[in-house]
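Novice: The structure that follows is given in the form of structure tokens.
The values are calculated or read from the model by the stated rules, or taken from the named source; none is laboratory data. These numbers come from a predicted model, not from an experiment. Here the Cβ positions follow ideal geometry from the backbone for every residue, glycine too, while neighbour counts run over all protein chains shown. For the accessible areas, the whole protein counts, side chains as well, though only heavy atoms, and no ligand, DNA or RNA atoms are used. Shrake-Rupley method; radii C 1.70, N 1.55, O 1.52, S 1.80 Å.
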Amino acid sequence: MSLTLRTISREQHLAYIQSLPSASHMQVPAWADVKAEWRSENLGWFDDRTGELVGAGLVLYRQLPKIKRYLAYLPEGPVINWFAPNLQEWIEPMLAHLKQQGAFSVKMGPPVVIRRWEATSIKQGIQNPDVKRLRDIEADHIEPRAFEVADKLRRMGWQQGEDGGAGFGDVQPRYVFQVPLANRSLEEVHKNFNQLWRRNIKKAEKAGVEVVQGGYQDLEEWQRLYEITAVRDHFRPRPLSYFQRMWTALNTEDPNRMRLYFARHNGVNLSAATMLIVGGHVWYSYGASDNIGREVRPSNAMQWRMLRDAYALGATVYDLRGISDSLDETDHLFGLIQFKVGTGGQAAEYLGEWDFPLNKLLHKALDIYMSRR
């Protein structure tokens, strides 16, 4: 298949995404409005024979301080046929185009899963003192074609973070936790939860915890819980304006793209979460909880409701987003993987993010700049 790459309209881009089973929420046109500090462009790949749009990518351009050169970033994209035998014919015109646009370096995240581990295997790994990382456990599913994609990219000159100094570290998580929903009943999904999760869901029900959906006007209440979480977990919170912009941008594009949930007890909101939806893929995106009321298990109740809602939407996967690959119980992120593994889903490892230095000198300069921040 011979291909032509050119800039497309947002409408064309959105129509293409809507024609697919799913795509990353970071590859929908409206994501450019969420990342307002970046310049953006919508790219399309066309089949020369039929004139049909067969791939799309959202590019975000971040300008280097003081000069008119850009880092071009395709988060969890582009949305193309990654297993095409002629992968080079998809990627090279993109690089040529981005160079023309003034990019000195390109960063992309192929949405390709390389390995999957079932919850039972991870639990056994956690109990084994010799296992320190997810990778020390034999994967339950391996995608051989993903290794071929990685080989092709390396041969084309793409580099990965661990290839030494190339890369600004992965921006998006390489390991995620997902609950598959396709061809499963809700009873099966619930049965797969571990005992603690099932007990906690029951406990919340008994205590009268309610889970409700919120709207734009409730984002201030979301922010209150999110800032409590930021203090407790030592991270810098995003401002309220970011979530307001996200809500407006995503739900203007598709009224069911972003949702907000609260778990409350006796009229008091104890935990909250945002949910994103693109086709059959549903993400639990941001989470927040108060320091009080944990004994009534609001977070478990909220997740179970979100998962049921995702199922009702016909989702094929409920994605709990990032986990670290450390299985060391002393690691500060260990609690997160433990919480997610309790859902009985799978850990998935993506190919990770890849960099292509179009201008080696500027790329190196940015690397140094980033490492000093």
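Novice: For Gly102, all conditions in the list (1) at positive phi; (2) under 24 Å from the mean Cα position of the chain (by Cα) hold save one; what is the number of the exception?
Specialist: The failed condition is (2).
Novice: Still on this model: Find all pairs meeting these conditions: Cβ atoms under 8 angstrom apart; at least six residues apart or on different chains; first residue within region 232-251 and closer than 26 Å to Gly279 by Cα; second residue open to solvent by less than 80 Å² (accessible area, probe 1.4 Å) and at pLDDT below 95.
Specialist: Once the first residue is closer than 26 Å to Gly279 by Cα and sits in region 232-251, its partners that are open to solvent by less than 80 Å² (accessible area, probe 1.4 Å) and at pLDDT below 95 give Arg245/Ala36.
Novice: Just to be sure before I move on: is Gly314 over 18 Å from Gly215 (Cβ atoms), without any contact (Cβ under 8 Å) to a residue 40 or more places away in the chain and either acidic (Asp, Glu) or touching a His at 6+ places or on another chain (Cβ under 8 Å) (or both) in the structure I sent?
Specialist: For Gly314, the condition - over 18 Å from Gly215 (Cβ atoms), without any contact (Cβ under 8 Å) to a residue 40 or more places away in the chain and either acidic (Asp, Glu) or touching a His at 6+ places or on another chain (Cβ under 8 Å) (or both) - is not met.
Novice: Residues of region 84-137 being small (Gly, Ala, Ser) and assigned to a helix (DSSP H, G or I), which ones?
Specialist: Once the filter is applied, which keeps residues that are small (Gly, Ala, Ser) and assigned to a helix (DSSP H, G or I), region 84-137 yields Ala96, Ala119, Ser121, Gly125.
Novice: With the checklist (1) in contact (Cβ under 8 Å) with a residue 60 or more places away in the chain; (2) over 30 Å from Leu361 (Cβ atoms); (3) in a loop (DSSP other than H, G, I, E, B); (4) within 21 Å of the chain's Cα centre (by Cα) in hand, flag the one item Asn81 doesn't pass.
Specialist: (1)
Novice: Can Ala96 be described as in contact with a helix residue (DSSP H, G or I) (Cβ under 8 Å, 6 or more places away or on another chain) and either surrounded by fewer than 21 Cβ atoms within 10 Å (Cβ to Cβ) or on the phi > 0 side of the Ramachandran plot (or both)?
Specialist: no
Novice: Hey, any hits in region 152-162 for a residue that's modelled with pLDDT under 95, open to solvent by less than 80 Å² (accessible area, probe 1.4 Å) and assigned to a loop (DSSP other than H, G, I, E, B)?
Specialist: Checked against the condition, which is being modelled with pLDDT under 95, open to solvent by less than 80 Å² (accessible area, probe 1.4 Å) and assigned to a loop (DSSP other than H, G, I, E, B), region 152-162 yields no hits at all.
Novice: Within region 182-196, can one find any residue that is within 30 Å of His332 (Cβ to Cβ), open to solvent by 50 Å² or more (accessible area, probe 1.4 Å), assigned to a helix (DSSP H, G or I) and in contact with a Ser or Thr (Cβ under 8 Å, 6 or more places away or on another chain)?
Specialist: yes
Novice: Against the condition modelled with pLDDT under 95 and more than 21 Å from Val176 (Cβ to Cβ), how does Thr330 come out, does it pass?
Specialist: Yes: the conditions hold for Thr330.
Novice: Considering every residue within region 170-179, establish whether at least one is out of contact with any Pro (no Cβ under 6 Å at 6 or more places or on another chain) and over 30 Å from Phe356 (Cα atoms).
Specialist: Yes: region 170-179 contains one or more residues that are out of contact with any Pro (no Cβ under 6 Å at 6 or more places or on another chain) and over 30 Å from Phe356 (Cα atoms).
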